[in-house]
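Below: one structure, written as structure tokens.
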Amino acid sequence: GQQLNQSPQSMFIQEGEDVSMNCTSSSIFNTWLWYKQEPGEGPVLLIALYKAGELTSNGRLTAQFGITRKDSFLNISASIPSDVGIYFCAGQGYSGAGSYQLTFGKGTKLSVIP
Amino acid sequence: NAGVTQTPKFRILKIGQSMTLQCTQDMNHNYMYWYRQDPGMGLKLIYYSVGAGITDKGEVPNGYNVSRSTTEDFPLRLELAAPSQTSVYFCASRYRGLNEKLFFGSGTQLSVL
């Protein structure tokens, strides 16, 4: 099956620093999604990417769909304490019979030190 | 806007007990999914449904059953609970289509002791 490698697994950063995380895949995806999960809650969609090479921003967050369609990265600029959480990448690919499935990375746990 | 609603929020089961995790969505989404999340392991797909009356296995279906009698509801059934099923369970839904976004419920934390 499709696998996603997400790195780093965890990060401890100082408030105000920039953050970068990425996902790589052994398979091609046609959509990349980035989610944030806070304690006790389900993942919430941050950014969706639909085309190879696409660069999309959402406030201080910027994500790119790699041109090989096998990778994506997420950057957070000028981190603040409320950025704390687990960030998941997800790649969407065709799984047959008219169905598209998401494969999730294992997450990057972000801690921000005030 | 309720979105995807899961109940209960927490549950403790004894080995061998059964229970149903409830999931309902009010967005008229075609597709619904059940995932389990174990620490450091990301999200694993248990079952999914592409519409009422249609369900299919995901990556880790053993020990679970689902049904989809309506568009809105997608319950997950554990028949004989085992410690390996201790996890956080998430229901999610989306519209049919290539680029539609997946929306999650807030999860059910289940412990089997």
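The values are calculated or read from the model by the stated rules, or taken from the named source; none is laboratory data. All values derive from a computational prediction rather than experimental measurement. Quick reminder, even Gly has a Cβ in these numbers, built from the backbone with ideal geometry, and neighbours come from all protein chains shown. The protein model used for the area step is the full one, side chains on, heavy atoms only, and it has no ligands, DNA or RNA in it. Shrake-Rupley method; radii C 1.70, N 1.55, O 1.52, S 1.80 Å.
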Unmet criterion (only one of (1) under 22 Å from B:SER87 (Cα atoms); (2) open to solvent by 40 Å² or more (accessible area, probe 1.4 Å)) for A:THR24:
(1)
Among residues belonging to the range B:77-87 that are in contact with a Gly (Cβ under 8 Å, 6 or more places away or on another chain) and open to solvent by 40 Å² or more (accessible area, probe 1.4 Å), point out the one that is nearest to B:TYR47 (Cα to Cα).
B:GLU79
State all residues of the range B:1-40 that are free of Cβ contacts under 8 Å to residues at least 40 places away in the same chain and open to solvent by 50 Å² or more (accessible area, probe 1.4 Å); if no residue qualifies, say none.
B:ASN1, B:ALA2, B:PRO39
Select, from A:GLY40, A:GLY53, A:GLY66, the only residue that is open to solvent by 20 Å² or more (accessible area, probe 1.4 Å) and more than 22 Å from B:ARG36 (Cα to Cα).
A:GLY53
Quick check: is even one residue across the range A:84-91 more than 14 Å from chain B (Cβ to nearest Cβ) and touching a residue at least 12 places away in the same chain (Cβ under 8 Å)?
yes
Just a yes or no: is a residue in the range B:91-106 of a type in the set (Asp, Glu) and more than 25 Å from A:TYR94 (Cα to Cα)?
no
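Let's see how each residue does on (1) touching a residue at least 24 places away in the same chain (Cβ under 8 Å); (2) at the interface with chain B (Cβ under 10 Å from one of its Cβ atoms); (3) of a type outside the set (A, V, I, L, M, F, W, C):
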site: A:LEU4; (1), (2), (3): yes, yes, no
site: A:SER7; (1), (2), (3): yes, no, yes
site: A:GLU15; (1), (2), (3): yes, no, yes
site: A:ASP18; (1), (2), (3): yes, no, yes
site: A:SER25; (1), (2), (3): yes, no, yes
site: A:LEU45; (1), (2), (3): no, yes, no
site: A:ALA48; (1), (2), (3): no, yes, no
Somewhere in the range B:33-47, is a residue farther than 16 Å from A:LEU102 by Cα, more than 14 Å from chain A (Cβ to nearest Cβ) and in contact with a strand residue (DSSP E or B) (Cβ under 6 Å, 6 or more places away or on another chain)?
no
Being in contact (Cβ under 8 Å) with a residue 60 or more places away in the chain and of a type in the set (A, V, I, L, M) is the filter here; which residues of the range B:68-102 pass it?
B:LEU78, B:LEU80, B:ALA81, B:ALA82, B:ALA92, B:LEU102
